[in-house]
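Participant: Mind looking over this structure? Questions follow.
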């Protein structure tokens with residue numbers, strides 16, 4: 001399962017900055033809950049930041065790309081904040 005934000009950088013811009021985030025969950029169900037909750041938040045500047053998410057083997061994987069380091073940092077930081085909230089909610093209310 002993957003969510004791809006379709007965006008094309010203008011021809012004078014390149015996706016020079018990237019990072020990956022892998023989060024292991026207790027179950028595939030928990031990983032899918034996090035994926036579903038996080039996939040509704042689209043990037044605010046899709047022409048400058050891309051995010052691709054997938055779930056496999058109890059793991060949520062996220063790949064970020066951006067045209068500037070500061071945009072990558074801001075996107076990654078905001079995503080981790082929401083991921084932390086989703087993970088705490090799953091721990092509190094999720095089925096085992």
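Where a number appears in this text, it was derived from the coordinates with a stated rule and is not lab data. All figures in this text were calculated on a predicted structure; none of them were measured in a lab. Note: ideal-geometry Cβ built from the backbone for every residue, glycine included; neighbour counts use all protein chains shown.
Participant: Could you check the simple spin-label distance between residue 77 and residue 56, using points 7 Å along Cα→Cβ, in nm with one decimal?
Facilitator: The answer from the label model is 3.1 nm.
Participant: Still on this structure: Only Cα pairs under 8 Å and at least 6 apart count here; give the relative contact order of segment 13-93 as a rounded whole percent. Walk me through the numbers on the way to the answer.
Facilitator: Details: 114 pairs, mean separation 30.9, N = 81.
Reported as a whole number, the value is 38 percent.
Participant: Please pull out the direction-averaged projected area of segment 13-93, using the convex hull of its alpha-carbon atoms, in nm² to one decimal place.
Facilitator: Numbers: hull surface 19.8 nm².
Directional mean of the projected Cα hull area for segment 13-93 stands at 4.9 nm².
Participant: Between residue 84 and residue 16, what is 0.36 nm times their sequence separation minus the Cα-Cα distance? Round to one decimal in nm. Mind dumping the intermediate values first?
Facilitator: Numbers: separation 68, 0.36 × 68 = 24.48 nm, distance 2.68 nm.
Gain on stretching residue 84 to residue 16: 21.8 nm.
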